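Peer 1: Handing you this structure, nothing more for now.
The values are calculated or read from the model by the stated rules, or taken from the named source; none is laboratory data. The structure presented is a predicted model; accordingly, all values stated were derived computationally and were not measured. Here the Cβ positions follow ideal geometry from the backbone for every residue, glycine too, while neighbour counts run over all protein chains shown. Calculation scope for accessible area: heavy atoms of the full protein, side chains included, ligands and nucleic acids excluded. Shrake-Rupley method; radii C 1.70, N 1.55, O 1.52, S 1.80 Å.
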Amino acid sequence: MTENKTSQPSGKEIGYLDMELLRFTTAGSVDDGKSTLIGRLLYDSKAIFEDQMEAIERASISRGAEEVNLALLTDGLRAEREQGITIDVAYRYFATPKRKFIIADTPGHIQYTRNMVTGASTANAAVILIDARNGVIEQTRRHAYIASLLQIPHVVVCVNKMDLVDFAKDVFDAIVADFGSVATKLAIQDVHFLPISAKLGDNVVEASLHMDWYTGPTFIGLMETLPVGGDHNFDDPRFPVQYVIRPISDQYHDYRGYAGRVAGGIFRVGQEVVVLPGGLQSTIEGIDFGSESLASAFPPQSVTIRLSNEIDISRGSMIVAVGNLPTVGQEIELMVCWLNAKPLQVKGKYLVKHTSSEMRCLVNEVVYKVNINTLDEVKDDLSVGLNDIARITIKTVKPLFYDSYKRNRETGSLIIIDESTNNVVGAGMII
Amino acid sequence: MEHTTINHLRELEAESIFVIREVAAQFENPVMLFSGGKDSIVMFYLARKAFYPAKVPFPLMHIDTGHNFEETILYRDDLAEKTGTRMIVRYVQDSIDKGRAVEEKGVNASRNVLQTVTLLDAIEELKFDCAMGGGRRDEEKARAKERFFSHRDEFGQWDPKNQRPELWNLFNGRKHIGEHFRVFPISNWTEMDVWQYILMENIPMPSLYYTHEREVFCRDGVWLATAPFMKLKPGEKAEIRQVRCRTIGDITCTGVTLSKANTLEEIIQEVAASRVTERGGRADDKRSEAAMEDRKKEGYF
């Protein structure tokens, strides 16, 4: 192999090595400028390269547009470009000297609730766009509801197209008040408001020259400083075993390591742990990460844990702390977002996938359906179809080791799979 | 207060290791595709870390177009030997000889597209139920919509408008007989992340990525290396320049960049300052606006 050449003294000098990662999802309705905002972010942060810019210039001109349409940058599939709509979740990447960002760009049409839920499931922050001319509309409420349902830690409301309302403060203030009451009702904790013009770039990367009444950060400034460190659960140690490592070699003959990703809390060498199912106790002998040994491990690290005594552990087992056990149960109540055109079958059998375990379940009942425009509970029509959100109860064939989704997004989430098609048909958040 | 944050590279690494371990746990006969380029090298190093001190529990497979940079093959064989990893090689030339694939004609002829035939044949022959690839979502707009676990029907095809939902870290690898999965463990990495990680982990790279003198010629604004099977058009002339590869693939369509970058730090600075995407030098993507989408639907990497 070729030896690497490194100029001295260390790579740290060129920076970037100590950046944090922030994942955010963007939601908005069809014409509120979401793609333009993303195009603007990528362009102004220089994540759009010349060849991509030339390609969208060519495409804009061939479609008769007078100016370059930054939205074309995010339409990846042929059908999307032809129809001028976004069909699927698209992932975008850019970085500033402070942070690396991953955008899950989700389409805003009513029928694509499922994509919004998908994008929201891994996000630290939700960016909701509101057209300044229209204010808070039904779709805004729906996006806010999904952000709260999926427990996205931070919500950033961008009041866009401020240029079309003469950059008026009272327009912005009225929308802030309107959305504020929605946020209170949904118990959204951390909300931020920004007046922007994605098209002109006001308050996106550069501060606006038209709104001296606004003294807050720009969009990028805010996204660079949102606290993301506390977004994981560091209180309840949970380690779903993903894979058992047993080397077939003389050197590591007795090695038995449990590979997985820490789903909650902090694990330390020497710590007393309980292994589920079974409830046998052991002590953490070592935490391995490649050839390194670690003193502790926390979310979202992928490590290998070794225990001091031999216990029967396989994929689907969970290592937890003594004195801090998850709920162990088979009758589970959850909120579900239905993702498939074939409706949920009450008394139907499905597969559930939860952490590293997979098992059959039976849907017992639909408690209520949510009208996501009014946020009311609907009890007179309990049919759950594509894009519906409902509270249901299921019974699993074996006990599940879980926490509520509010407490832990990793051990509180599950997916429902239709065994006949193998497709993912439901996204569940345990209550 | 205990330190409970990790930097973006460690977070991406943790995610990729998780995905690779899911593949080993969920599939009976997975394979990791290896091209000799930086992405597949990084993916392989992540796999080693995922299962250490055990060996990587799946083989690597190289779909060889026969139109390689010599250094790629040397690096590949050396890597397999030093790490004790099984390296399967399947040749596009064999597909052509058997009449399964037809060589393109003309000056821009490339075997890039033909790799799909050889790859799908190899998956069927060796009964692989999952093939991991080093594709990244930031590479190209059709890739931006790809799942980590990407389902392929019995013809090996991708249906981008009807992908399975993928939520949280719950990856669904269930499939019917004859179908398979493509899994992309480094989906969320950018070109910059890959280079920073190579630097952080000090991963040895093929010499092609560093500046060297090479005989090249310029076609449609892209510098290409000369080779016996490359025909020059009238007006094109071969000359010696200081170049390096930004991506490594089939020699017929891998553009090289004029560069004096001789260290990982210099490469990172060059990537940071670059105003053209790495695939800007890839003639295979320039064929049409939907070139990548079309190739992926057929079963390309």
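Peer 1: Can you figure out the FRET efficiency of B:Lys161 with A:Thr374, using R₀ = 35 Å and their beta-carbon distance, to the nearest 0.05?
Peer 2: For R0 = 35 Å, the calculated efficiency reads 0.65.
Peer 1: Which of the GluC sites (Glu not before Pro) across segment A:341-408 are loop residues per DSSP, with 14 or fewer other Cβ within 10 Å?
Peer 2: none
Peer 1: Please compute the contact order of segment B:206-281 in relative form: average sequence separation of alpha-carbon pairs under 8 Å and at least six residues apart, divided by the residue count, as a percent.
Peer 2: In percent, rounded to a whole number, it is 33.
Peer 1: Which of B:Ala273, B:Ala142, B:Ala25 moves most in a GNM of chain B, Cα contacts under 10 Å?
Peer 2: The residue with the greatest mean-square fluctuation here is B:Ala273.
Peer 1: Cβ under 13 Å from B:Gly178's Cβ, B:Gly178 left aside: what net charge do those residues give with Lys, Arg +1 and Asp, Glu -1?
Peer 2: Value of the local net charge: -2.
Peer 1: B:Gln269 versus B:Leu232, label points 7 Å from Cα toward the beta carbon: distance in nm?
Peer 2: Calculated label separation equals 3.4 nm.
Peer 1: May I pose another question? For chains A and B, what's the summed buried accessible area, probe 1.4 Å, to the nearest 100 square angstrom?
Peer 2: The contact between B and A buries close to 8000 Å².
Peer 1: Please give, to one decimal in nm, the separation of the simple spin-label points placed at A:Lys98 and A:Trp213, each 7 Å out from Cα toward the Cβ.
Peer 2: Label at A:Lys98, label at A:Trp213, 2.6 nm between them.
Peer 1: A further question on this structure: For A:Arg407, B:Arg143, give me the order by solvent-accessible area with a 1.4 Å probe, most accessible first, ignoring ligands, DNA and RNA.
Peer 2: Correct descending sequence by accessible area is A:Arg407, B:Arg143.
Peer 1: Explain nothing, just the number: relative contact order of segment A:275-344, from Cα pairs under 8 Å at least 6 residues apart, as a whole percent.
Peer 2: Averaging sequence separation for qualifying contacts and normalising by length gives 31 percent for segment A:275-344.
Peer 1: How would you classify segment B:13-115 from its alpha-carbon gyration tensor, with a ≥ b ≥ c the square roots of the eigenvalues: rounded for a/c under 1.5, else prolate if a/b is greater than b/c, otherwise oblate?
Peer 2: prolate
Peer 1: Sorted by accessible area (1.4 Å probe), largest first, how do B:Met192, A:Met162 line up?
Peer 2: I get B:Met192, A:Met162, largest accessible area first.
Peer 1: Something else: What is the list of residues in segment B:112-137 whose amide nitrogen lies under 13 Å from a point 7 angstrom out from the Cα of A:Asn422, following Cα to Cβ?
Peer 2: The answer is B:128-131.
Peer 1: Select from segment A:120-207 those trypsin sites (Lys or Arg not before Pro) which occupy a DSSP coil region and have at most 15 other Cβ atoms within 10 Å, ordered by residue number.
Peer 2: A:Arg133
Peer 1: Let me ask another. Given an 8 Å cut-off on Cα distances and at least 6 residues of separation, report the relative contact order of chain B as a percent.
Peer 2: Rounded, it is 20 percent for chain B.
Peer 1: Between A:Asp44 and A:Ser308, what is the FRET efficiency for a Förster distance of 45 Å, r being their Cβ-Cβ separation, to the nearest 0.05?
Peer 2: That pair, A:Asp44 with A:Ser308, gives E of 0.25.
Peer 1: Taking a label point 7 Å from the Cα of B:Asn202 along the Cα→Cβ vector, which residues of segment A:271-309 have an amide N closer than 17 Å to it?
Peer 2: Residues A:290-293 qualify, since their backbone N sits under 17 Å from the label point.
Peer 1: Please check: in the Gaussian network model of chain B (C-alpha springs, under 10 Å), which one of B:Thr247, B:Thr118, B:Thr190 has the largest mean-square fluctuation.
Peer 2: B:Thr190
Peer 1: Other chains' Cβ within 10 Å of A:405-412 residues: what's the mean?
Peer 2: The shielding value for this peptide is 1.
Peer 1: Give me the accessible area of A:Leu362, 1.4 Å probe, in Å² rounded to the nearest 10.
Peer 2: Here the residue's solvent-accessible area equals roughly 50 Å².
Peer 1: Next question. Which entries of A:Lys349/A:Lys395; B:Lys145/B:Lys297; B:Lys38/B:Lys233; B:Lys38/B:Lys260; B:Lys82/B:Lys127 have Cα-Cα distances beyond 21 Å here?
Peer 2: B:Lys38/B:Lys233; B:Lys82/B:Lys127
Peer 1: Something else about it: Give the aspartates and glutamates reachable from A:Lys379 as a straight Cα distance under 20 Å; neighbours fewer than 8 places away on the same chain don't count.
Peer 2: Within the straight-line cut-off, A:Lys379 pairs with A:Glu333, A:Glu365, A:Asp388.
Peer 1: Sticking with this one: For B:45-54, what's the mean count of beta carbons from other chains sitting within 10 Å of each residue's beta carbon?
Peer 2: Rounded to a whole number, the mean comes out at 6.
Peer 1: Suppose R0 equals 60 Å; then what is the FRET efficiency for A:Thr283 and B:Ile73 from their Cβ-Cβ distance, rounded to the nearest 0.05?
Peer 2: Taking R0 as 60 Å, the efficiency between A:Thr283 and B:Ile73 is 0.80.
Peer 1: Summing Lys, Arg as +1 and Asp, Glu as -1, what charge do residues with Cβ under 14 Å from the Cβ of A:Lys395 carry, A:Lys395 excluded?
Peer 2: +1
Peer 1: Taking only Cα atoms and a 10 Å spring cutoff, compute GNM fluctuations for chain B and point out the largest among B:Gln269, B:Gln196, B:Gln242.
Peer 2: B:Gln269
Peer 1: For the protein assembly as shown, just run the numbers: alpha carbon Rg, then divide by 2.2 N^0.38 Å, N being how many residues it has.
Peer 2: Relative to the rule-of-thumb radius for its length, the protein assembly as shown sits at 0.96.
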